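The values are calculated or read from the model by the stated rules, or taken from the named source; none is laboratory data. For clarity, every value in this text was computed on a predicted model and none was experimentally measured. Ideal geometry is used to build each Cβ from the backbone, glycine not excepted, and the neighbour counts take in all protein chains shown.
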Amino acid sequence: MRGFLTSSNGAPSIAVSSIGVTCAAALALPLSAPPAAAAPARPSGAAAAVRSSGAAVPARPSEAGASVRSSEAGVPGGTRSLPLVPLSRVRVLGTAPEQGLYRGDGEHFSLVGVVWNDPDTELHGRVQVRTRSARTGKWSGWQDVETHNADHGADPGTAERDARRVRGATAPLWVGESDGVDLRVRAAGRGARDGRTAEPQRPEPPLPSGLRLELVDPGAEAAPGGAPAQAPRTGPRSEAERAASAANTDLARFGALEIPALGKRATERELARLAGPVRAKPYIGPRPRIVTRRGWGADESLRQSGFVYTKKLKAAFVHHTASGNKYSCSQAPSVIRSIYRYHVASMGWRDIGYNFLVDKCGTIYEGRAGGVAKAVLGAHTLGFNNNSMGIAVIGSFGGTKPSGAAVKAVARLIAWKLGLSGADPRAKTYLTSGGGNLYPKGKKVRLNVISGHRDGFATECPGKRLYAKLGTARSSAARYQGR
């Protein structure tokens, strides 16, 4: 399949190359907590409201505060973008080494993150946040926000990566329904303020410029909980909604909330229908149930119009979202809507970066738009987005073991999806690097068909506990394929 970009009516328009994305590595730096009662100064200036009407409109760094709200009727939610303020008078190369923000004015949100101007600049330091529950009114303890530090994003030299709206960012952190936030960011250095010294020692290097706090409200569920795929509903309204649903009509009815599971024989018949007669024995796993973008409530007005495709899928990269594990399975659609908003409205990507997401209960969700059976070009593994797909397990797995249901779902998804292109989950394959910190651009790299994000880029993703389960995923996926 040739890589191409379609217009909103489905017609191909321009040829494209690769695109890239996600995961996070935490920097564990000692940081003494200020007294709980202490509150950083609030930023001055009136907040400016900005409404989006199609493409994402991230707030400009020069604005004192900006709100990006959904324009899709019936799909509420939004993003509040606020500049950080210095927490001391010290300056290093013109930048305060300690910055933060306190907001206790009742702004509702469920996910937080920090962004900055230059996506090529790394944040060397520690980011911590505490939030006030909108239900109980109690403040949480301080939580670390994982820093991405350039291990994610579209491949170098691509239109998505070079867009002026793209920013550097931390991982998003799911905090649940909240109405107050206290954030602090401290640059890494040889010393830090410990209460005995008047000022921190000189950090090296300084914090990135244009630091902003992103408060993301996922909005309410777009569909009633537990509604079957073919439940009567008003059909997709906008052109973007119709295009996203139409991309899956080779597998399910137009506007379906989910793509139902199929048995192995039915999946093999479907493969023959999609790819033509299969001469050799078809090694493909049974199609798993997949919740569509409409099923989890994607606001299609946020993303860029059209779809971008790569060639034949040869590998799958497994990620974690690094957004924490404090979510219930019923909240997973809200978490995904929040990550989607963060990727698009806050970080400036064309769509959510992952091709698929999996929650702790093993439910599989469609990620980047373009059709779950098609080779959609994602933004998940910087340098290796061409000819691959990205699957993110929702959560953080550096020290937490992933659920058996999640690992099984990853294996079932890969057995089906890579089976469409004839890939053996136990095998190795060659991918050409688009540029990164492990392999230079143009180098052909031999990788496992099922790899972790860290195999293509120097990062902690997908966390050591999930990475340790990839062997199980390989053997299980091969078994599902009948190998």
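Restricting attention to the stretch 424-442, and to residues there that are touching a strand residue (DSSP E or B) at 6+ places or on another chain (Cβ under 7 Å) and part of a loop (DSSP other than H, G, I, E, B), which single residue is farthest from LEU470 (Cα to Cα)? The residue in question is GLY442.
Entry remark, the stretch 218-235: residues being closer than 27 Å to GLY306 by Cβ and either at pLDDT below 60 or surrounded by 18 or more Cβ atoms within 10 Å (Cβ to Cβ) (or both) number 6 in total. Under the condition of being on the phi < 0 side of the Ramachandran plot, under 21 Å from the mean Cα position of the chain (by Cα) and of a type outside the set (Ser, Thr, Tyr), the residues counted in the stretch 437-468 number 15.
Name every residue in the stretch 87-106 that is buried (at least 19 other Cβ atoms within 10 Å of the Cβ) and not in a strand (DSSP E or B), in order of residue number. LEU87, ALA96, PRO97, listed by residue number.
Out of GLY141, GLY157, one residue alone is farther than 20 Å from PRO462 by Cα and either assigned to a strand (DSSP E or B) or more than 22 Å from the chain's Cα centre (by Cα) (or both). It is GLY141. Of the residues making up the stretch 155-211, those that are over 27 Å from ASN325 (Cα atoms), modelled with pLDDT of 80 or more and touching a helix residue (DSSP H, G or I) at 6+ places or on another chain (Cβ under 7 Å) number 0. Annotation note: of ALA261, ALA252, ALA243, ALA266, the sole residue that is of a type in the set (Gly, Ala, Ser), buried (at least 19 other Cβ atoms within 10 Å of the Cβ) and at pLDDT 95 or above is ALA243. When the stretch 123-137 is examined, which residues are found to be surrounded by fewer than 17 Cβ atoms within 10 Å (Cβ to Cβ) and either under 25 Å from VAL344 (Cβ atoms) or touching a residue at least 24 places away in the same chain (Cβ under 8 Å) (or both)? Selection gives SER133, ALA134, ARG135.
If the condition is being over 26 Å from PRO218 (Cα atoms) and of a type in the set (Lys, Arg), then the stretch 270-318 contributes ARG273, ARG279, LYS281, ARG287, LYS311, LYS312, LYS314.
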